[in-house]
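Let me begin by presenting the structure, written as structure tokens, before commenting on it.
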Amino acid sequence: MKKIIFTLSLLFSVFFSAQLLAQACGSVPACTPQGGPLSGGFDESSTIPCAVQDSAYNYSAQFTMFTTFNFQGSQVVDSIEFVSIDNLPCGLCWSVNKPNKRYVASEDGCLNIRGTTNDAAGQYKLAIALNAWINGNTNAFPVSATLFDGTDIRIIFRVKTAAGTCVTVDTAANAPGNLTASISCNTGVSDLISEFSSLRITPNPINSNSVVSFTSTEILFCTMRISDVTGKIVVSQEIEAKQGANSIAIEKNDLAAGVYFLSLTDGKNATTTRFYVTD
């Protein structure tokens, strides 16, 4: 049974209340659920690609809603609602794939983070505030300070400079690298509309070759990049996207086995997906 330990509180922690709540995206296209970890919860933070300062960012983290959590004994989850996200770097916004932001136990979902930031390079520990309906009760409990098997798993989001590399994720509760988002955030981020959507790689994992597919709202020239988990760009290719459905063949070539990120950008908008390479 999926199990995530949550600390429940009727009051937000000092850390949570002191920080700026990240803006929820407005017209950003919904992401597509593809299934989270078998144990429930979010993908590990180390699999979420870095945002590059002053560059468009668009990535969807996958999750599977858990079925129980421990708080004075095992509690059965009926549903969970996303309320807010704290400490997301300035200029970025978030959305989930359901308008009501509410998920039943074992339901797959995705959290999209989008926008452009110039906040400091490093890691930002995000605090996700939720409402939880449990044990058939009609009243919701506020949920914060997410824990998993005793280890803090608030999503850690990373930012790097254009010439830098992603810092290694440090999940310690008092990690010295945890940064605070700027107090003065850009406005209008919720009005961004992506030219790209439905980015997929098939098959994934790749052991010889694969096909990248995506949809573009118009004809445009863009850059397709493949980077490793450190943020190093290993492949860069200029392509012309046609309006509508697009597909591009890619080959494994000299890529070593491991995790990679493929991104498309036209300089203003970007979208990214994760893929794996096998021997």
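The values are calculated or read from the model by the stated rules, or taken from the named source; none is laboratory data. Because the structure is predicted, anything quoted here is derived from the model rather than measured. No Cβ is skipped: glycine too gets one built from the backbone with ideal geometry, and neighbour counts run over all protein chains shown. Accessible surface is based on the protein model in full, side chains and every heavy atom, while ligands, DNA and RNA are left aside. Shrake-Rupley method; radii C 1.70, N 1.55, O 1.52, S 1.80 Å.
Pairs over the 21 Å Cα-Cα cut-off, from the set 160/242; 232/252; 160/252: 160/242; 160/252.
Residue 52 sits with roughly 40 Å² accessible to a 1.4 Å probe, with DNA, RNA and ligands left out of the calculation.
Annotation: peptides 210-216, 132-138, 84-90, ranked by per-residue average of other Cβ atoms within 10 Å with the highest first, follow the order 84-90, 210-216, 132-138. Each peptide in 201-209, 58-66, 123-131 receives the mean, over its residues, of other Cβ atoms within 10 Å, and ordering these scores from highest gives 58-66, 123-131, 201-209.
A 1.4 Å probe run over the protein chains yields, for the stretch 200-274, 53 Å² of accessible area per residue, whole-number rounding. Our note on the geometry: Cα centres of the stretch 80-112 and the stretch 222-273, 26 Å apart. In order along the stretch 34-45, the Karplus-derived 3J(HN,Hα) couplings, from 6.51 cos²θ - 1.76 cosθ + 1.60 at θ = phi - 60°, round to 10, x, x, x, 4, 7, x, x, 8, 4, 4, 4 Hz, and Gly and Pro are given as x.
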